[in-house]
Amino acid sequence: MIELRNIEKRFGEAIILKDVSLTFPEGSVTALVGPSGGGKSTLLRCINLLEQPTSGCVRVGSDTVEFHPGRKARWQDIQKIRRQTGMVFQNFQLFPHRTAIENVMEGLLVVQRWTKEKAAARAMELLQKVGMAHKADAWPANLSGGQQQRIAIARALAPSPQVLLCDEPTSALDPELAAEVVDVLGQLAREGTTMVMATHDLRLASQVSNQVVFLEAGKVVETGEPETIFRSPRNERTRQFVSSISAAQAL
Amino acid sequence: MPHWLQLMLDSLPTLLWAGIRFTIPLTLLSFALGLTLGLVTAVARLFGPAPISALARFYVWIIRGTPLLVQLFVIFYGLPSIGVLLDAFPAALIGFTLNVGAYTSEIIRAAITSVPKGQWEAAYSTGMNWQQAMRRTILPQAARVSVPPLSNTFISLVKDTSLAAAITVPELFQAAQRIVATTYEPLILYIQAALMYLVLSSVLSALQSRLEVRFSRYGGQMESSR
C-alpha cells in the first residue's frame, strides 16, 4: 500500500501541493487528472521522491519517510522508497547508449546486483509481456515512440516494484501509438499491478483506472470512481474540466 | 640523391628516436593524467560544495589565462628558487598535465551538462545512487559528445609538446634544433620536424574518426530519447 499524508510542496513562495492526503491500496489503479500546473506531476514525483515534499509523510510498503521544512531526508531512506517504485516518463527517457534489453536489465544489474543471465531472462520475460521481445537488441533511437514507451514500462517493472508510476505516459505519442501503450497498461492493471498515473488522456484514465483524483491548484478537488468523475462529477469545477477535455478529444 | 633528401634521411633516426623517447610519451602521459584531472575538476565544479567548486574555477582561470610557455618556465626555472627542483621531463609533464586538465575540464563539464536532466531522473528511478547514475548513465553519454573536442585538445597537445624544447627536454623539435646547429640547414630540418608532427597528428585524427564511429553505433541523436 502507498500512503501520502499531509503532503505539502513549496518552491520558494509558490505552493505547488497543499495538504494532500491519499492512499493507494494494493492492486488499485489511480489516475491523477486536472489542469496543467495543478500539481499532478509533482504529486506523482513525490511518491518516488524525485521531488521531495516540503512537509508530510510518504509511505511505500513498509518504508516511511517523513519530511519537515528545512530538513533534508536521509539519502538511504529516499533510496529505499525509490527501490520499491518504478517510473515511466512522458518522454520515455530510455538510456540511449543501451539496447532495449540492456535498458530493462540495467537496474537489475546495477542496483539489485543480479547476475547477467538472471537479469537477461527476467528482462526477456518483461519484453515479451509488453510485446517487444522481437526488438530486444534494438537501439532506442531506432524505435517508435510507442515501442520506446513499452520498453520503458518493462524497465520500470523489472525489479517488481510495489507501484508503477506513470507521468503522462501517452502524451508524447500520436493516438495510434498511444493505443499500444494504453493496451499494455490495461493488461498490467488487470493483472493487479498497483499503478498511479498523471494523465490528460481520458481514454487512458477511463479504460485503465479504478480511482480518479481530480487535482487543481495543488489541492484534491474530488476523488471517485472513473464512472462518477467522468459521467456525473459532483464538483462544478470537475464538471467543467471533464466536459472541456472530452469535447476536445471527441473532435 | 639530392642534398636535402640525403640530409633528411640522415637525420631521420635521431628525430624519430627523440619522438619515440620524449614527444610520444610526454603526449600520452600528460593527456591521460590531464584527462583524469579534467574529470575531477569538472565534477568538483559542477557538484562540489562551494569552496571546492570555487577552487576548481580558480585553477581553470589561472591555467587558461596564462601562456603555456610561461607556465613551463615557472615550473622548471622558477620553482627551484623556492627549493623545488625538477628534472626537465617531469617538469614538462606537470606543466602539460595541468594545462590539459584545465581545458578538458571545460569540455567534460559542458558534456555532462548536455545530458538531459531526464536521464538523471530515469537513473534515480531505477534505484541508482549518484555514483551509479554518473558512471552508468551520464558519463557514457557525455563521453560521446566530448570525443571531437577532446581530440582537438589531444592534437593541440602533440604540437604543444615542442614547447618542452624551451625547458631542455630533448624531444623532437629540440633534436631538430641540435642538428641545425651542426649542419646549418634550418629550412630542411625544421620542415622535416613539421612533417613529423603532421604525421603524428594525422594518425590521431584517424583514431578520432574510428572512435566517433564506435560511439555512434547506438544511432540517431541523443535528442531522440529526450
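Values quoted throughout were computed directly from the atomic coordinates according to the rules given, and no laboratory measurement underlies them. From a predicted model like this one, the values you see are computed outputs, not experimental measurements. Glycine gets a Cβ as well: all are built from the backbone with ideal geometry, and neighbour counts include every protein chain shown.
Averaged over peptide A:95-101, the number of partner chain Cβ atoms lying within 10 Å of each residue's Cβ comes to 6. Name the residue farthest towards the positive end of the dipole of chain B from the options B:202, B:65, B:148, assuming +1 on Cβ of Lys and Arg, -1 on Cβ of Asp and Glu, about the Cα centre. In chain B, that residue is B:148. Most tightly packed first, judged by the mean number of other beta-carbon atoms within 10 Å of their residues, the peptides B:76-89, A:174-187, A:205-218 read A:205-218, A:174-187, B:76-89. Seen through its C-alpha gyration tensor, with square-root eigenvalues sorted a ≥ b ≥ c, segment A:1-101 comes out rounded because a/c lies under 1.5. Dividing the Cα radius of gyration of segment A:146-190 by 2.2 N^0.38 Å, with N the residue count, gives 1.09.
For segment B:151-208, just say rounded, prolate or oblate: build the C-alpha gyration tensor, square-root its eigenvalues into a ≥ b ≥ c, call rounded for a/c under 1.5, and beyond that prolate if a/b exceeds b/c, oblate if not. Oblate. Taken along the Cα-to-beta-carbon direction at a fixed 7 Å, the label points for residue B:68 and residue B:85 span 2.9 nm.
With a Förster radius of 60 Å applied to the beta-carbon distance between residue B:16 and residue A:68, the computed FRET efficiency rounds to 0.30. Take each residue in A:106-113, count the other chain C-beta atoms within 10 Å of its C-beta, and the mean is 5. The alpha-carbon of residue A:80 sits under 29 angstrom from the alpha-carbons of these lysines, leaving out residues fewer than 8 places away in its chain: A:9, A:18, A:40, A:72, A:116, A:118, A:129, A:219, B:117.
With Cα atoms as the point set, the protein assembly as shown shows a radius of gyration and Dmax of 29.9, 102 Å. The simple Förster model, with R0 at 25 Å and r as the Cβ-Cβ distance, assigns residue A:225 and residue A:191 a FRET efficiency of 0.80. The Cα center of segment A:61-137 and the Cα center of segment A:159-226 differ in position by 19 Å.
In this structure, the amide hydrogen of residue A:114, modeled 1.01 Å from its nitrogen in the peptide plane, lies closer than 5 angstrom to those of A:109, counting only residues at least 5 positions away or on a different chain. Taking amide H atoms as placed 1.01 Å from N in the peptide plane, the amide H of residue A:90 lies under 5 Å from those of A:167, each 5 or more residues away in sequence or on another chain. Would you mind telling me the antiparallel percentage of the DSSP bridges in chain A, rounded to 5? If I count the DSSP bridges inside chain A, around 60 percent turn out antiparallel.
Relative to the longest principal axis of the Cα atoms of chain B, the long axis of helix B:88-114 makes an angle of roughly 30 degrees.
Comparing A:144, A:62, A:28 in a Gaussian network model of chain A, where Cα atoms under 10 Å apart are tied by springs, the biggest mean-square fluctuation is seen for A:62.
Sorted into 5 angstrom bins from 0, the C-alpha pair distances of chain A split as 1, 6, 14, 17, 18, 17, 13, 9, 4, 1, 0, 0 percent.
For residue A:64, no residue 5 or more places off, or on another chain, has a built amide H under 5 Å of its own.
Note on chain B: dipole from Cβ charges, positive end direction compared against B:54, B:102, B:139; the farthest Cα belongs to B:139.
Computed about the Cα centre, the dipole magnitude for segment A:83-240 is approximately 420 debye when only Lys and Arg (+1) and Asp and Glu (-1) carry charge, each at its Cβ. Contact order, relative form, for segment A:31-98: 22 percent (alpha carbon pairs under 8 Å, 6 or more residues apart, mean separation divided by residue count). Looking at the square roots a ≥ b ≥ c of the eigenvalues of the Cα gyration tensor of chain B, which shape do they give, rounded for a/c under 1.5, prolate if a/b is larger than b/c, or oblate? Taking the square roots of the gyration eigenvalues as a ≥ b ≥ c, chain B is oblate.
Approximating the spin labels as points 7 Å out from Cα along Cα→Cβ, the residue A:13-to-residue B:24 distance works out to 6.6 nm. In this simple spin-label model, placing a label point 7 Å from the Cα along the Cα-to-Cβ direction at both residue B:55 and residue A:79 gives a separation of 2.5 nm.
For peptide B:113-123, the mean count of partner chain Cβ atoms within 10 Å of a residue's Cβ comes to 4.
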